[in-house]
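S.K.: Here's a structure for you.
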Amino acid sequence: MATIIDGKALAKKIRLELKEKVKDLNNKNIYPKLAVIMVGDDKASQVYVKNKSKACNEIGIDFEEFLLPSNTNMETLLNLIEVLNNREDISGILLQSPIPEPLNIREAFNKISYKKDVDGFHPINVGKLAIGEECFVSCTPLGVIKILDEYNIPIDGKNAVIIGRSNIVGKPLSQCLLNRNATITVCHSKTKNLEMICKNADILIAAVGRQKFVTENMVKDGAVVIDVGINRNEQGKLVGDVDFENVEKKASYITPVPGGVGPMTVAMLMNNVIEAATRQKN
Ligand code: NAD
């Protein structure tokens, strides 16, 4: 039976550490502040933004929300980003996705100063991650690495297989693991022999968005299984991509959904905002 990774407890511990960090910064007259832009009234986004605001509140990070109507044009959005880029009191800027069509989210992400890009989506941060320079790393991959480190799970020399190649999870996670000397395979919807590849993984990470996608026959005995997926099952319950009940019997470590990677993502966002404030003052 696998050790079930308690992402909720770990995230709580990290938030407490971050709270202390903020106090230290405040003593040096540094006040980290996150600006969140939301366009339109997407219900899921409203929940995510509320969670981020709650986390900021708990840690002592200032928070300012910018709500734009769904008929906002690109020029207005870019102008707002420009204003926030230039505001000295704002350490980090987050544009909540999705934004309504026909707005171009890539253009908006690119407009955010890479020094305030706490989501790690700006091409400069993506490039710096690829060459192993100091940068902002997107929060979910950072959370996965933190989980592995906190549970003393070795990465160096291990075979890591990631299912999913998105710009926010799969690709940056592959860079993070490569920078830590793992041997990486990134799988996607066109991958052949997925089962065989996954069976070779010491660390198997699922970021697909389909419930019960990873079944026990895809998992090597003793593998570490990290489930990034967030799905709703037929009963409306939150589930991941992994067939948890069966895979748990084979894995050495496994993250549950909910309570695994999810809480770590928000904690890493807080970490990045504090980091941004610190770097801007240095
Ligand atoms: P995405 O839709 O952008 O990417 C999904 C990936 O899965 C694609 O690269 C695709 O090629 C791959 N895929 C689809 N079908 C496949 C198949 N049959 N075989 C192999 N690969 C296949 O999704 P995303 O934004 O990377 O998110 C993935 C999941 O992670 C979603 O459920 C999302 O909700 C969740 N997520 C969770 C967090 C968190 O904090 N826990 C953060 C971001 C995303």
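S.K.: Taking the criterion of being at pLDDT 95 or above, at positive phi and crowded, with 16+ Cβ neighbours inside 10 Å, would at least one residue in region 95-117 satisfy it?
M.R.: So far as region 95-117 goes, no, none of its residues is at pLDDT 95 or above, at positive phi and crowded, with 16+ Cβ neighbours inside 10 Å.
S.K.: In region 179-193, is there at least one residue being more than 10 Å from the ligand (Cβ to nearest atom), within 21 Å of the chain's Cα centre (by Cα) and of a type in the set (A, V, I, L, M, F, W, C)?
M.R.: There is at least one residue in region 179-193 that is more than 10 Å from the ligand (Cβ to nearest atom), within 21 Å of the chain's Cα centre (by Cα) and of a type in the set (A, V, I, L, M, F, W, C).
S.K.: Could you list, in sequence order, the residues of region 186-199 that are in contact with a Cys (Cβ under 9 Å, 6 or more places away or on another chain) and either part of a loop (DSSP other than H, G, I, E, B) or among the β-branched types (Val, Ile, Thr) (or both)?
M.R.: Answer for region 186-199, where residues must be in contact with a Cys (Cβ under 9 Å, 6 or more places away or on another chain) and either part of a loop (DSSP other than H, G, I, E, B) or among the β-branched types (Val, Ile, Thr) (or both): just Ile197.
S.K.: Quick check on region 227-275: of everything there that is in contact (Cβ under 8 Å) with a residue 60 or more places away in the chain, of a type in the set (D, E, K, R) and not in a helix (DSSP H, G or I), which residue is surrounded by the fewest Cβ atoms within 10 Å (Cβ to Cβ)?
M.R.: Residue satisfying both the conditions and the ranking: Lys249.
S.K.: Select from region 200-224 the residues that are within 14 Å of Ser252 (Cα to Cα), in a loop (DSSP other than H, G, I, E, B) and among the aliphatic types (A, V, I, L, M) and list them in ascending order.
M.R.: Correct list: Ala201, Val219, Ala223.
S.K.: Can I ask one more? Of all residues in region 60-81 being in contact (Cβ under 8 Å) with a residue 40 or more places away in the chain and assigned to a loop (DSSP other than H, G, I, E, B), which is farthest from Ile105 (Cα to Cα)?
M.R.: Looking at residues that are in contact (Cβ under 8 Å) with a residue 40 or more places away in the chain and assigned to a loop (DSSP other than H, G, I, E, B), I get Gly60.
A quick yes/no check of all residues on (1) more than 10 Å from the ligand (Cβ to nearest atom); (2) aromatic (Phe, Trp, Tyr); (3) over 18 Å from the mean Cα position of the chain (by Cα):
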{"position": "Glu195", "(1), (2), (3)": "yes, no, yes"}
{"position": "Ala201", "(1), (2), (3)": "yes, no, yes"}
{"position": "Gly209", "(1), (2), (3)": "no, no, no"}
{"position": "Met218", "(1), (2), (3)": "yes, no, yes"}
{"position": "Val224", "(1), (2), (3)": "yes, no, yes"}
{"position": "Glu234", "(1), (2), (3)": "yes, no, yes"}
{"position": "Phe244", "(1), (2), (3)": "yes, yes, yes"}
{"position": "Glu248", "(1), (2), (3)": "yes, no, yes"}
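S.K.: Give the residue, chosen from Ser174, Ser138, that is in contact (Cβ under 8 Å) with a residue 24 or more places away in the chain, polar (S, T, N, Q) and within 16 Å of the ligand (Cβ to nearest atom).
M.R.: Selected residue: Ser138, the only one of Ser174, Ser138 that is in contact (Cβ under 8 Å) with a residue 24 or more places away in the chain, polar (S, T, N, Q) and within 16 Å of the ligand (Cβ to nearest atom).
S.K.: Of all the helices (runs of 4 or more DSSP H) wholly in region 84-171, which have at least 3 residues that are over 24 Å from Asp241 (Cβ atoms)?
M.R.: 105-111, 123-130
S.K.: Something else about it: Going by the conditions given, is Ser166 loosely packed, with under 15 Cβ neighbours inside 10 Å and within 9 Å of the ligand (Cβ to nearest atom)?
M.R.: Taking the combined requirement at face value, the residue does not satisfy it.
S.K.: Is there a residue being farther than 29 Å from Gly260 by Cα and among the small types (Gly, Ala, Ser) anywhere in region 21-36?
M.R.: no
The values are calculated or read from the model by the stated rules, or taken from the named source; none is laboratory data. Model, not experiment: these values are computed from the prediction. A quick note on method: Cβ atoms are made from the backbone with ideal geometry, for glycine too, and the neighbour counts reach across all protein chains shown.
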